[in-house]
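Chemist: Below you will find the structure I want to go over with you.
The values are calculated or read from the model by the stated rules, or taken from the named source; none is laboratory data. Source: prediction; values computed, not measured. Glycine gets a Cβ as well: all are built from the backbone with ideal geometry, and neighbour counts include every protein chain shown.
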Amino acid sequence: MLPSTRFLFFLTFLTALAACNTDTGRKAPDVSGIPGALNIRRFDQDMFSVDTTHLKAGLEQLMQKYPDFLPFFLQEVAHDASNPKETPQEAFDGFVTAPMVRRLADSCALAFKDLQPIEKDLSQMMRYYRYYFPKMPAPGIVTAVTEFVGDAYMVNDSLMMIGLDMFLGEEFSGYNPDIFPMYLRRQFEPEYLPTKAAMALSSQVAGPPNGDRILDYMIHNGKILYIMAQLLPATPDSLLMGYTQADMEACYANEQNTWARLLNLKVLYEPLGAKNQKIVMPSPRAENVFTEAPGEIGNWIGWQIVNAYMERHPGTSMEELLAFSDAQKFMEAAKYKPKR
């Protein structure tokens, strides 16, 4: 799966205390008293300001400033997989001097001169994260140029990498349409950056699915979407799903028919495979559900099932929601009834 399409899930307990309405109709708690200020570290700027005539010294300086991130970057991003004997210095030298990477760095520097608007959005997201997950560390954020390796990725529980080169706009000439078709490229707009960050956070806390059936993925991914919606309560559903507005409206208009079709196909208890993977994995369409059904429509249904469960069990904590791992029993407890 392309890193820019990583998909993960989460949930949340909505309290009525100090709640407010958002443009999306979701209720959000008052988090104004929770610290959320971020210090986004610009690894991308520091890396490409290194004097290329003194690369060894440059690497040493970066290691002093980014001891928690640079080893990961050199191994997982800069490393040439075709050369297993490549040293960290060689990986650094090759990456920072590659003409294509330098051009990407220039494009990112131009597009993201100022991250203050993004910092504001991410700071608010972190306040909600601290509210819903008070026992989890709020991760720091490092921006990087990744040569299309990833958009937002949790290095560990306390550090997130954001690949700025994955948010240069769907028309950016560096995105090869054979590798990144339009349904992916439309998510490469800067407005998707907070959504991808929320997805990375939600995926980290949710962990992997508890099985390999379509239903397991639907409920698991539905929980992730639910969490994302709590971390970004003012973000439209279409952005959370990566859908066009038309696709999103069609989902709501055909919710009952979609659920009936999934039941008639008898795919819920089948394993994830080539025949059914478009139901829960990134793809332009899930044709076996309906000709025009968008990919991952099963995840959207899973999200509605999670919504139904939380409405019936409003005292459920985040930890309890994620711990309820039996997808069949969860669906039964939700008593989901799709809207007509």
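Chemist: Condition first: touching a strand residue (DSSP E or B) at 6+ places or on another chain (Cβ under 7 Å) and under 24 Å from Tyr226 (Cβ atoms). Now tell me which residues in the stretch 111-168 satisfy that.
Modeler: Selection gives Leu122, Tyr131, Pro139, Ile141, Gly150, Asp151, Ala152, Tyr153, Met154, Ser158, Met160, Ile162.
Chemist: So, one more: Can you tell me which residue within the stretch 74-98, out of those that are aliphatic (A, V, I, L, M) and in a helix (DSSP H, G or I), is nearest to the chain's Cα centre (by Cα)? Break it down into steps so the answer makes sense when it comes.
Modeler: Step one: filter the stretch 74-98 for residues aliphatic (A, V, I, L, M), giving 74, 77-78, 81, 91, 96, 98.
If we keep only those that are in a helix (DSSP H, G or I) as well, we get 74, 77-78, 91, 96.
On the way: Leu74: 22, Val77: 18, Ala78: 22, Ala91: 27, Val96: 27 Å.
By that ranking, first place goes to Val77.
Chemist: Could you look through the stretch 256-291, keep only residues that are assigned to a helix (DSSP H, G or I) and charged (D, E, K, R), and pick out the one that is surrounded by the fewest Cβ atoms within 10 Å (Cβ to Cβ)? Walk me through it before giving the result.
Modeler: Step one: list which residues in the stretch 256-291 are assigned to a helix (DSSP H, G or I), which gives 256-265, 277-279.
Those still in the list that are charged (D, E, K, R) too: 261, 278.
Numbers: Arg261: 17, Lys278: 21.
Step by step, filter the stretch 256-291, then rank; the result is Arg261.
Chemist: On the given criteria, is Ile219 farther than 29 Å from Gln45 by Cβ, in the same structural domain as Ala327 (by TED's automatic domain parsing), modelled with pLDDT of 95 or more and touching a Ser or Thr at 6+ places or on another chain (Cβ under 7 Å)?
Modeler: Numbers: farther than 29 Å from Gln45 by Cβ: yes; in the same structural domain as Ala327 (by TED's automatic domain parsing): yes; modelled with pLDDT of 95 or more: yes; touching a Ser or Thr at 6+ places or on another chain (Cβ under 7 Å): no.
Considered against the rule, which asks whether it is farther than 29 Å from Gln45 by Cβ, in the same structural domain as Ala327 (by TED's automatic domain parsing), modelled with pLDDT of 95 or more and touching a Ser or Thr at 6+ places or on another chain (Cβ under 7 Å), Ile219 comes out as no.
Chemist: Please go through the stretch 258-276 and pick out each residue that is of a type in the set (S, T, N, Q) and modelled with pLDDT of 95 or more.
Modeler: Kept after step one, since they are of a type in the set (S, T, N, Q), are these residues of the stretch 258-276: 258, 264, 276.
Selection gives Thr258, Asn264.
Results for (1) at pLDDT below 95; (2) in contact with an Asp or Glu (Cβ under 8 Å, 6 or more places away or on another chain); (3) assigned to a loop (DSSP other than H, G, I, E, B), shown as yes or no for each residue.
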residue: Met1; (1), (2), (3): yes, no, yes
residue: Cys20; (1), (2), (3): yes, yes, no
residue: Gly25; (1), (2), (3): yes, no, yes
residue: Ala28; (1), (2), (3): yes, no, no
residue: Asn39; (1), (2), (3): yes, no, yes
residue: Lys56; (1), (2), (3): no, no, no
residue: Glu60; (1), (2), (3): no, no, no
residue: Phe72; (1), (2), (3): no, no, no
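Chemist: Okay, moving on. What is the one condition in (1) assigned by TED's automatic domain parsing to the domain that holds Ile305; (2) in contact (Cβ under 8 Å) with a residue 24 or more places away in the chain; (3) not basic (Lys, Arg) that Gln245 does not satisfy?
Modeler: Every condition holds for Gln245 apart from (2).
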